[in-house]
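Colleague: One structure coming up, written as structure tokens, with questions to follow.
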Amino acid sequence: MTPKSLFLCLSMTLSLASCGGTTSISDLEPPKGTHIMGKVISKDDEEFTIQDDTATLTIEATEAIVGKLIIGETVGVFGNLDEDDLGEFEAYRIVRADGTELKLLID
């Protein structure tokens, strides 16, 4: 295992441990903070959609962050299910497969 791979593994493990693991999209419940993971399947202005083995979900983010995402990449998203619209997830942190972290400001 290369040092970079070891670092990525360790950082993802620590991130997951601090949030209690990854939740499947279909198992989400508002409003607790949750970590979900999926493949980016579409993006538009201030939101993008990810898909895991169970479902798809729209993620709210800033236009600057959405612009950095690549269709087809897998990302981990930390945030909360929107209580007013259970089909949307309010992100506060996104982590790419390479460990790059994209932080969002919470309104």
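Colleague: Please work out if THR62 is surrounded by 12 or more Cβ atoms within 10 Å (Cβ to Cβ), farther than 15 Å from THR23 by Cα and β-branched (Val, Ile, Thr). If you could, list the steps in order and put the result at the bottom.
Modeller: Details: surrounded by 12 or more Cβ atoms within 10 Å (Cβ to Cβ): yes; farther than 15 Å from THR23 by Cα: yes; β-branched (Val, Ile, Thr): yes.
Answer is yes for this residue.
Colleague: What strands (runs of 3 or more DSSP E) completely inside the range 67-107 contain at least 3 residues that are at pLDDT 90 or above and either over 11 Å from the mean Cα position of the chain (by Cα) or among the β-branched types (Val, Ile, Thr) (or both)?
Modeller: Details: elements: 74-81, 88-96, 101-103.
Per the criteria, 74-81.
Colleague: I need a count of the residues in the range 38-66 that are under 17 Å from GLY99 (Cα atoms), at pLDDT 95 or above and out of contact with any helix residue (DSSP H, G or I) (no Cβ under 8 Å at 6 or more places or on another chain).
Modeller: Count: 2.
Colleague: Which of the residues spanning the range 23-48 are buried (at least 17 other Cβ atoms within 10 Å of the Cβ) and either β-branched (Val, Ile, Thr) or touching a residue at least 40 places away in the same chain (Cβ under 8 Å) (or both)? Outline the logic, then answer.
Modeller: Restricting attention to the range 23-48, the residues satisfying the condition of being buried (at least 17 other Cβ atoms within 10 Å of the Cβ) are 23, 25, 28, 34-38, 40, 43, 47-48.
Across the range 23-48, the qualifying residues are THR23, ILE25, LEU28, THR34, HIS35, ILE36, MET37, VAL40, GLU47.
Colleague: Quick check on the range 12-32. Is at least one of its residues at pLDDT below 90, out of contact with any Pro (no Cβ under 7 Å at 6 or more places or on another chain) and on the phi > 0 side of the Ramachandran plot?
Modeller: yes
The values are calculated or read from the model by the stated rules, or taken from the named source; none is laboratory data. Not measured: the values here are computed from a predicted model. Cβ coordinates were reconstructed from backbone atoms using ideal geometry, including for glycine residues, and neighbour counts include every protein chain displayed.
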